[in-house]
2 protein chains.
Amino acid sequence: MSSYNEYFAGRRDEHLNELKEWLSIPSISALSEHKPDVNAAARWLADALTRAGMEKVEVHETKGHPIVYAEHLKAPGRPTVLIYGHYDVQPVDPLHLWTTPPFEPDVRDGKIFARGATDDKGQLFLHVKAVEAILRQEGELPVNLKFCVEGEEEVSGESLPAFLEANREKLKTDAVIISDSSLLEPGKPSICTGLRGLCSLEVTVTTAKTDLHSGLYGGAVPNALHALVALLDTLHDDQGRVAVEGFYEGVPVLSELEKADLASYNPDEKKLAADLGLDALYGEEGYSFTERTGARPTLELNGVWGGFQGEGTKTVIPKEAHAKITCRLVGAQDPQATLDRIESHLRKHIQPGAKLRIVQGEKALAFTCDPSDPMLQLAADAYEEVYGARAVFTKDGGSIPVVATFARVLEAPVVMMGFGLPDENLHAPDEHFSLDNLDKGLLTIVNYLHKVGQGASK
Amino acid sequence: MSSYNEYFAGRRDEHLNELKEWLSIPSISALSEHKPDVNAAARWLADALTRAGMEKVEVHETKGHPIVYAEHLKAPGRPTVLIYGHYDVQPVDPLHLWTTPPFEPDVRDGKIFARGATDDKGQLFLHVKAVEAILRQEGELPVNLKFCVEGEEEVSGESLPAFLEANREKLKTDAVIISDSSLLEPGKPSICTGLRGLCSLEVTVTTAKTDLHSGLYGGAVPNALHALVALLDTLHDDQGRVAVEGFYEGVPVLSELEKADLASYNPDEKKLAADLGLDALYGEEGYSFTERTGARPTLELNGVWGGFQGEGTKTVIPKEAHAKITCRLVGAQDPQATLDRIESHLRKHIQPGAKLRIVQGEKALAFTCDPSDPMLQLAADAYEEVYGARAVFTKDGGSIPVVATFARVLEAPVVMMGFGLPDENLHAPDEHFSLDNLDKGLLTIVNYLHKVGQGASK
């Protein structure tokens, strides 16, 4: 591996410049005005894969954003691995909280700052450059390799699931590799063996047909904000539990073994709170941090708005108010049933005189896989050799809706080798990626691909 | 009066064009970027007063927006009246709900549409043109007359109260005339003898030092929106009453006579609800519409916001959330004490782990005056002759904070002769002013000034 150390060290600036170029493309999949940028990010990736030496590089148009596919199938008798990632990114507001603009990548304090730096362009970039390195150093790959990269991860798009179903043979693989998660903390690698599911909805409350003056009408007509606030406050009880009837159906009861596993990597909660600027953590009573995020579902208000938000005072009674809600799901919780239960709850609790409009959004099942699978054990070995610490198998509270689909359609283990860090502000201002993990990530992937190649030839 | 009918009919287009010019100036006092426009609106008014024949026209600079003063004191032995109004306007959002742009005045369906059309440029304009008409038709005024017009009404600014205190002699008058209120309905004039007071505050809830990803942290950290929603929901009880301890202190108990007065002009509540697009009115139980708006205090959420408001989904746990709140006050309710009570209530009910920041804003006492005062009775006479219906004495739910100050500092009755209509969307999109009331308003004011002049010479 020492030759790879030198190889990557000598090309670090060149690699950083390439990554910066990709990160400069504002490929925000949620905002339709950024569609050309999303396309440009896909084309950039296709070019990078071609430069890396990948073959049959294809940009598949979809109803949504393109899927980038590439392959290198010249290791007969060796296993095949498929690398998944996404080149789309989250929106960037509130923009004023970014230290440097989200699409003008900036390297400082040993980190690269930009939207997408860690989620997921930066992590996917590691695979492109690892493959390029092996081909340039050795002229061949130790495994058969496929890339399948989408641009709708942040909007839970429908294109990739359809593509997987339609291309089972083409995508056939012995393992799916995904780098879209985090180490536990610097120097402590982990492999995620569980992800929460997701469902989303948007709620609009309307009252009068126009905004009304609080002088003329105040106290005598419904206020859409009052109605929304009262409604949203019914969604949780005093113990931080979700108060929607049937919400916890399908949530597994934790075994003592699972509790011990989760406890093994529970952070120092006081320190975590202090690091986040919080007086205290907050959540469902009776559960630890890793239990709350890894094994319990949640319902969060992601956005609430209505009425006057400008400078000064406006004595208005707003006619409409809005809320965006997402749930993280675990175990066998059904996303559709969960949305239906929330909708029923809201319709039951809306204040008389106020009208309710609900639009259901994403629906993704939770995912788990078996840490004893050899493909996962070899990944833990690869981490250990580079980081000096064996990867811990964890459950992540996030959702990558397509992971459960990959496992089901391709019938292969999914190896979630994350190189991010938990405090890298993904989905928030000042998102960044540690250059130390960029360096170690490249080496870990090179190492892992060799182990998989050798593992099969043992 | 018939000569005035002809005079105004012949100049209607000219007058409308002048008014449009004034309404085109976006004099939004709440938004600092519009300061030059607020100044321009003041200068426009000063020029219009000069053209009308007023003397000593002055634009007084203040710490905030200018005060426009003018006088015409050539009727020795006759009473003096002082006309007050405001040339500033409310903000215009949500802009997309305007049929035509708020600062491009449009005449349609017998109405002029623009921000400020009825509140208050359009109504103040009547006085300027009525005075101009009398001077052009008769060469003299039947009374001594002063204009004192401000640009901070919509922000409850401090400049006018200070100006009144500092210029008691200059502003000495037998009555203050204000046209900044409404008829009961078309053809049913009213004179407002009561206004609610006002107080305002802005609340910010903060949790973590940055927005957090709901995948990594959802269920285990406080969400500023949850904390705000739960907090705001404590402000009212299930009966629509304000649940802040001591809030109703100083609220008068209605006598049977007052109840009868308020009942005499209570609208058909079912029709009103239907007109507003509501299934039903909503408010404090046990009170009628005119009681709720004229004689009861209220606490309204004017704006609430936090988190993601864009297109699509963003799985963010917001670190901050905001609310703008105003109260309408009645009787002897003390604005400062009310703000302090709300602040105590909020601090007592904020969720542990969330931090609270409160900024107190406007503070204005409620106002009442005696309908039997001759200056008010003459106004009712003037309306009767023009509208064919005698003005009813009402209590208005709105607040013109300076009215109580005028009455106290100048020790004069305040005659609130409104020419707006309750459904003219003041403070809302598509604000407008009825051209019928523009015509009748001009005649009513001309008539009233003559009556005041004659009344004194009886």
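Every number here is computed from the coordinates shown, using simple stated rules; none is lab data. Small disclaimer: the values here were computed from a predicted structure and weren't measured. Methodologically, a virtual Cβ is constructed for each residue, glycine included, from the backbone with ideal geometry; neighbour enumeration extends over all protein chains shown.
List of remarks:
- Estimated FRET transfer efficiency when R0 is 56 angstrom, pair A:K348-B:L435 (beta carbons, to 0.05): 0.70
- Cβ neighbours within 10 Å from other chains - mean over A:340-351: 0
- The stretch B:199-267 versus the stretch A:3-21: alpha-carbon centroid distance in Å: 56 Å
- Using the Cβ-Cβ distance between A:D370 and B:Q360 with R0 = 60 Å, the FRET efficiency computed as 1/(1 + (r/R0)^6) comes to roughly 0.50.
- Label-point spacing at A:P36 relative to the other copies reads 3.1 nm, in ascending order, each point sitting 7 Å out from Cα along Cα→Cβ.
- Averaged over the residues of B:271-280, the number of partner chain Cβ atoms lying within 10 Å of the residue Cβ comes to 5.
- Cα gyration tensor, the stretch B:267-309 - rounded (a/c under 1.5), prolate or oblate: oblate
- Whether the stretch B:252-291 is rounded, prolate or oblate, judged on the alpha carbon gyration tensor where a/c under 1.5 counts as rounded: oblate
- Mean-position separation - Cα centroids, the stretch A:28-65 and the stretch B:123-178, in angstrom: 67 Å
- Residues of the stretch A:125-164 with an amide N closer than 14 Å to a point placed 7 Å from the Cα of A:E6 along the Cα-to-Cβ direction: A:137-138.
- Chain B - Debye-derived log10 I(q)/I(0), Cα point model, q = 0.12 Å⁻¹: -1.07
- Every Cα-Cα pair of the protein assembly as shown was included, and the share exceeding 56 Å stands at 28 percent.
- Prolate/oblate/rounded label for the stretch B:219-343 (Cα gyration tensor, a/c 1.5): oblate
- Ordered by the number of other Cβ atoms lying within 10 Å of each residue's own Cβ, fewest first, A:V386, B:V304 fall into the sequence A:V386, B:V304.
- Shortest-first nm distances, A:Q239 label point to equivalent points in other copies (7 Å, Cα→Cβ): 3.2
- Cβ-derived FRET efficiency at R0 30 Å, A:K63 paired with A:R108, nearest 0.05: 0.15
- Inter-chain Cβ neighbour count for A:228-238, averaged per residue, equals 5 (cutoff 10 Å, partner chain atoms only).
- Loop-resident GluC sites (Glu not before Pro) (DSSP state other than H, G, I, E or B) in the stretch A:396-448 with no more than 11 further Cβ atoms inside 10 Å of their Cβ: A:E411.
- Among the listed pairs B:K209/B:K314; A:K35/A:K56; B:K35/B:K188; B:K188/B:K259; A:K363/A:K395; A:K270/B:K319, those beyond 30 Å (Cα-Cα): B:K35/B:K188
- Pair A:A407, A:T99: separation of 7 Å Cα→Cβ label points (nm): 3.7 nm
- Inter-copy spacing of B:A9 label points, which lie 7 Å from Cα along Cα→Cβ, given in nm from shortest upward: 9.9
- The relative contact order of the stretch A:22-128 comes to 28 percent, based on Cα pairs under 8 Å that sit 6 or more residues apart.
- Sparse packing (at most 12 other Cβ atoms within 10 Å of the Cβ) combined with a DSSP loop state is found for the following GluC sites (Glu not before Pro) in the stretch A:1-74: A:E61.
- Residues B:K319, A:K355, sorted so that the one with the fewest Cβ neighbours within 10 Å comes first: A:K355, B:K319
- Contact order relative to length of chain B, as percent, for alpha carbon pairs under 8 angstrom and 6 or more apart: 25 percent
- Cα centroid of the stretch A:283-329 to Cα centroid of the stretch B:395-448, whole Å: 41 Å
- Sequence of B:V251, B:V149, B:V89 once ranked by neighbouring C-beta atoms within 10 Å, starting from the fewest: B:V251, B:V149, B:V89
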